[in-house]
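Here's the structure, in structure tokens; my notes come after.
The values are calculated or read from the model by the stated rules, or taken from the named source; none is laboratory data. The shown structure was predicted, so the numbers you read here are calculated from the model rather than taken from an experiment. Cβ placement follows ideal geometry from the backbone for every residue including glycine, while neighbour counts extend to all protein chains displayed. Keep in mind that these areas ignore ligands, DNA and RNA; they rest on the heavy atoms of the full protein, side chains included. Shrake-Rupley method; radii C 1.70, N 1.55, O 1.52, S 1.80 Å.
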Amino acid sequence: RFLKDALWPPYEGVEILRQCFAMGNKSWFLITFTAFIAGIVFTKQSTPSLASFGAESWLPSLVSQAIVRSLGPLITGLICAGKLGSNIGAELGSMQVSEQIDAMEVSGTNPFKYLVITRVTATTLMVPTLVIISDIISLGGSAIVELLKGGVTFQLYFSRVFEYLNFGDL
């Protein structure tokens, strides 16, 4: 039903943009904070293992591939599923209890199109955007750990990070 209704007019473009802003704004702080800490922890946990093999120079490439391929999307997906899912469920449940959805039907507005399609479309657009932000913040946290440890500059760290990443990883 979503695919059928999403493709036919009328489109709720303003509401989709409002939902995108709300979803990104509601999740931004929690995702960036969690991603920053995850980048720090992953770097701190990986360093001793790589040092035991004498492969500390591989840390930026290991961290970048692990974060971009799996850790960033996992963290973002879990936070979005929990936070956005509960927010959407509570909002729609409250609207059902207060009979706002019935009032939309009476006034001639398609509540499924206005409430469901806009939220699913906004989530579909915002989660990949938040994943990219999460990846950048995680790599920044990892770079800070390496900078404080000494011997590696931001420029060197990020040149090693992007040396082994390609667009397919994202």
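General remarks:
- Residue match in segment 72-91 (condition: small (Gly, Ala, Ser), in contact (Cβ under 8 Å) with a residue 60 or more places away in the chain and out of contact with any Gly (no Cβ under 7 Å at 6 or more places or on another chain)): yes
- Check on Leu30, of a type in the set (A, V, I, L, M), open to solvent by 70 Å² or more (accessible area, probe 1.4 Å) and touching a residue at least 12 places away in the same chain (Cβ under 8 Å): yes
- Picking from residues in segment 1-54 that are of a type in the set (Asp, Glu) and in a helix (DSSP H, G or I), the one that is nearest to Ala66 (Cα to Cα) is Glu15.
Every residue, every condition in (1) within 19 Å of Ser46 (Cβ to Cβ); (2) surrounded by 18 or more Cβ atoms within 10 Å (Cβ to Cβ); (3) out of contact with any His (no Cβ under 7 Å at 6 or more places or on another chain); (4) among the basic types (Lys, Arg), yes or no:
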| residue | (1), (2), (3), (4) |
| --- | --- |
| Leu59 | yes, yes, yes, no |
| Val68 | yes, yes, yes, no |
| Leu71 | yes, yes, yes, no |
| Gly85 | no, no, yes, no |
| Leu130 | no, yes, yes, no |
| Gly168 | no, no, yes, no |
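- Failed item, numbered, when Ile144 is tested on (1) assigned to a helix (DSSP H, G or I); (2) over 19 Å from Ile37 (Cα atoms): (2)
- If you filter segment 113-154 down to residues that are more than 10 Å from the chain's Cα centre (by Cα) and of a type in the set (D, E, K, R), you find that the one that is farthest from Asp169 (Cα to Cα) is Lys113.
- Of Phe36, Phe53, Phe2, Phe21, all but one fail to be in contact with a helix residue (DSSP H, G or I) (Cβ under 9 Å, 6 or more places away or on another chain), without any contact (Cβ under 8 Å) to a residue 60 or more places away in the chain and open to solvent by 50 Å² or more (accessible area, probe 1.4 Å); the exception is Phe21.
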